[in-house]
Amino acid sequence: MRITNSMVYTSVIRNTNNALERYYALNEQNASEKRINRPSDDPAGTSTVLALRNHLAALEQYQENIDLASAALATADDALATVSELITSAKEKAEQGATGTLSAEQREMLADEVRQLMEQMLVQANTEYLGDSIFAGQNTDSDAYVLTLTADVSGPTLAGDDVVSITGDAAHSVQVEFVDSGTVGGAADLEYRWSDDGGETWTTATLAAGDTTLTLGSCSVNLASGAAVSGEADAAGQSSLVVRPTALYQGDAKDGAVVRHTGSSPVSATASGVFSTNVVVRIDADTTLAGSVSYSYSTDGGSTWVTGNTATGGVLTVPGGTLTLSPDGGTDLYAGDQFTLVPEQADIAVNISDGNSVVINNVGKDIFGGLYQAPGETSADAVSGGNLFETMGRLVAALETDDVDAVGQCLEDLDAAQEQVLRGAASVGARETTVQNVEAALALRKESDTQLMSAIEDADLVTLMTQLQAAQTAYTSVVETSAEIMTLSMVDLL
């Protein structure tokens, strides 16, 4: 075989470049301390490393969500702990007020302190985190509660529903007593009297025939037209009411639903219950509200229907509650009309791990009570259960009107209200524990992924230095040998 100079040069250059490339690659790994510096270094390893980096990025986002959830829940926990302490203080005032030896003036002083405690509770119920109300459901842009007035009625004929609305404000509970018997908004005048100093002084006023509004100084009470009242001379008893403070919940809740009507039936629709998803109700045959209503419903947007349902009285039973149909210009129901129940949402949840989320807000009415106007309702009613703000308002009124028995009842109700707040605190605490557990698991996953990624892409410096030294020696040897070969010729062999 004939070896030409061209073949020698090509071989020398190839061997030198190969040795240099190996030496350069190891030197690059030494500089970066990474075994993989480009995909071509290890395609399979690169794919694994990229997957691990994406997973670590997702874990970092989960960690940010965990930080958000932890801070929001801690804020709620602090607020509820403060409210519980305020309730304990209110119970102490109630215990003092229930003592028969106290004078009316002393109870007035206690009432001032209870009003201040109630205002502090309102501040805590309106607690914000990063500018968002944390006790207002999803309605985070406004305060969960606003201070307002309500009225407690007594007597044989007047009912709580007869109080339509109250406007204005009152720095002191207002007592109202009817002097005349009759009908509100009727053909005759009705005389009444009111006091805003605990009954020490009274102002006599007249509710004119056809009028329904009681004027009580800085506030007014609008009564339902047709409401029956009994005067002080009525043998059955006297109609009276006490205007006092309370708090109105302005947030949203998880009960009730908004109803959207598609069709031409002249009816209105309201829903009641707790709905986990949209429910579509379809009228299957022409009928009237007074007759039997045949209907179907769907919980998957109309893909499938549950048929064969009937109802009377316009009350249709559906999963989660009822749909009530009422006349609105007529009573006819037409086949094909649909009513979509869209549940009212309240939870704000953040993802804290794969398939795991935590609710970071709260429904204030379920913790603090107060008054709440449910979707579809025309007026606000007191929340059932341990109602803190209603109890505090009644305690203020009882102290300001020197009603010892009512003060004692409020003391018992404060125990129930505190239990309700503590249940809310327990719910927040349970969610905090969940977040902490997930965060601990997340830290282990991050550590595991980081270690695995390091094992794949990081260089072993001890081994690398050995390989680098060997590559340097090899490269030097190739260069020296190549130099000698390049200087040889046929003359050197003669």
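FYI, it's all coordinate maths here, none of it is from the lab. A quick note: this is a predicted structure, and the numbers were derived from the prediction, not measured. In this analysis, Cβ positions are derived from the backbone assuming ideal geometry, glycine residues included, and neighbour counts consider all displayed protein chains.
The table that follows gives values for the structure above.
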{"read-out": "Whole-angstrom Cα spans of the stretch 213-312 along principal axes, big to small", "value": "63, 35, 24"}
{"read-out": "Centre separation in Å (Cα based) which lies between the stretch 169-221 and the stretch 97-168", "value": "22 Å"}
{"read-out": "Counted charge near residue 439, where neighbours are those whose Cβ lies closer than 15 Å (Asp, Glu -1; Lys, Arg +1)", "value": "-3"}
{"read-out": "Protection-proxy order for peptides 102-108, 348-354, each taking the mean of Cβ atoms within 10 Å per residue, highest first", "value": "348-354, 102-108"}
{"read-out": "Amide H within-cut-off set for residue 381, under 5 Å, with H built and near neighbours excluded", "value": "372, 373, 374"}
{"read-out": "Shape call, the stretch 337-386: gyration tensor on alpha carbons, a/c limit 1.5", "value": "oblate"}
{"read-out": "Of every Cα-Cα pair in the stretch 257-343, the percent that sits beyond 20 Å", "value": "22 percent"}
{"read-out": "Ascending count of other beta-carbon atoms within 10 Å, so fewest first, for 109, 118", "value": "109, 118"}
{"read-out": "Intensity falloff of the stretch 302-385 expressed as log10 I(q)/I(0), Debye formula with alpha-carbon point scatterers, at q = 0.14 Å⁻¹", "value": "-0.82"}
{"read-out": "Separation between Cα centres of the stretch 229-281 and the stretch 335-389, rounded to whole Å", "value": "15 Å"}
{"read-out": "Highest-first arrangement of 195-201, 320-326, where packing means the average Cβ count within 10 Å", "value": "320-326, 195-201"}
